[in-house]
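What follows is one structure encoded as structure tokens, with my remarks underneath.
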Amino acid sequence: MSNTSSNSSPTVLLDGLAYVESPRWHEGRLWFAHWGTGEIVAVDLDGTSEVTGHGPAGLGWSIDWLPDGRLLVTGKELLRREPDGSMVRHADLSGISSFGWNEVVVDGRGNIYLNSINFGFLAGEQPKSGIIALVTPDGSARQVAGDLAFPNGMVITPDNKTLIISESFTGRLIAFDIEATGLLSNRRVWAEGLVLHWAAHRLRYRSHRPPVQPAGVGRGPPPRRHLPRRRWRHLGPDSSYLHPHQT
């Protein structure tokens, strides 16, 4: 594919998708969690896509890789895909939260950071403070941050010194310093005034909805035909210009 400037008109890589989350650039392709289908999909810049594996059937899970190339998948627990394709538990996180794990990001030293909203969102429970957990390369796990308002997407800067996480209920990005031990410190607001996540609006809707809902409404993942229709648009050869577009 020839190089294009950042001012070029976007082209569509994939169309007719359900709910696209957790985009990751890995080995020359864009990978993402295809919520509502349970698929893990990879697509190259020519639009050739492949279902490379499967995650949980519902919403709220993400992917990333260990330094040795093994795939991690979140959900009710943290799973790891072995070379033979089997999925095994990577670490025991049951003592930290029983509400499952959403986003995951791995730093260059092999430290794994996961977040949990830490309450039963789909069950209509009142929000509680979300958390971040750390799994070190030796498999030990501990909570390293709390008091987060619906923690969501996370990134680690290339120098492995800063973790940035979004709060869906506040529209803020929160940053932490990453210490040599992997612990987080020096919490601060990185940016604010962002568009509030759909979760905040859905929570308000749930608090006013009728007590009886039609089948499939507000009870777990909706059928695929009712999910937002999304496309992947490509604005240039640099993967940083790949983003989901809802139609």
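A Förster distance of 22 Å, applied to the separation of the beta-carbon atoms of residue 186 and residue 26, puts the FRET efficiency at 0.15.
Which net charge results for the neighbourhood of residue 89, defined as the other residues with beta-carbon distances under 9 angstrom from its beta-carbon, given Lys and Arg at +1 and Asp and Glu at -1? Residues close to residue 89 contribute a combined charge of -1.
Computed from backbone phi with θ = phi - 60° and the Karplus coefficients 6.51, -1.76 and 1.60, the 3J(HN,Hα) list for the stretch 167-180 is 10, 5, 7, 10, x, 10, 9, 10, 10, 10, 6, 9, 7, 4 Hz; x is used for glycine and proline. Computed from backbone phi with θ = phi - 60° and the Karplus coefficients 6.51, -1.76 and 1.60, the 3J(HN,Hα) list for the stretch 40-56 is 10, 10, 10, 9, 8, 6, 8, x, 7, 10, 8, 7, 9, x, 9, x, x Hz; x is used for glycine and proline. Between the amide H of residue 14 and those of 232, distances stay under 5 Å, these residues lying 5 or more places away or on another chain, with hydrogens modeled in the peptide plane.
Of the residues 129, 100, 83, the one whose Cα sits farthest towards the positive end of the charge dipole of the stretch 1-133 is 129 (charges of +1 on Lys and Arg Cβ, -1 on Asp and Glu Cβ, taken about the Cα centre).
Using the Karplus relation 6.51 cos²θ - 1.76 cosθ + 1.60 with θ = phi - 60°, the per-residue 3J(HN,Hα) values for the stretch 101-107 come to 10, 9, 7, 9, 8, 10, 8 Hz, with x marking Gly and Pro.
Seen from residue 156, the other residues with C-beta closer than 14 Å to its C-beta sum to a net charge of -3, counting Lys and Arg as +1 and Asp and Glu as -1. Each part reduced to its alpha carbon centroid, the stretch 150-194 and the stretch 91-128 end up 15 Å apart. Less than 5 angstrom separates the built amide H of residue 144 from those of 132, 133, 134, all sequence-distant by 5 or more or on a different chain.
Each of residue 15 and residue 160 was given a label point 7 Å from its Cα along the Cα-to-Cβ line. The distance between the two points is 4.4 nm.
Model label sites at residue 52 and residue 147, defined 7 Å from Cα along the beta-carbon direction, differ in position by 3.8 nm.
Coordinate-derived values only; no laboratory data. Computed from a predicted structure; not experimentally measured. Every residue, glycine as well, gets a Cβ built from its backbone with ideal geometry; the counts of neighbours run over all protein chains shown.
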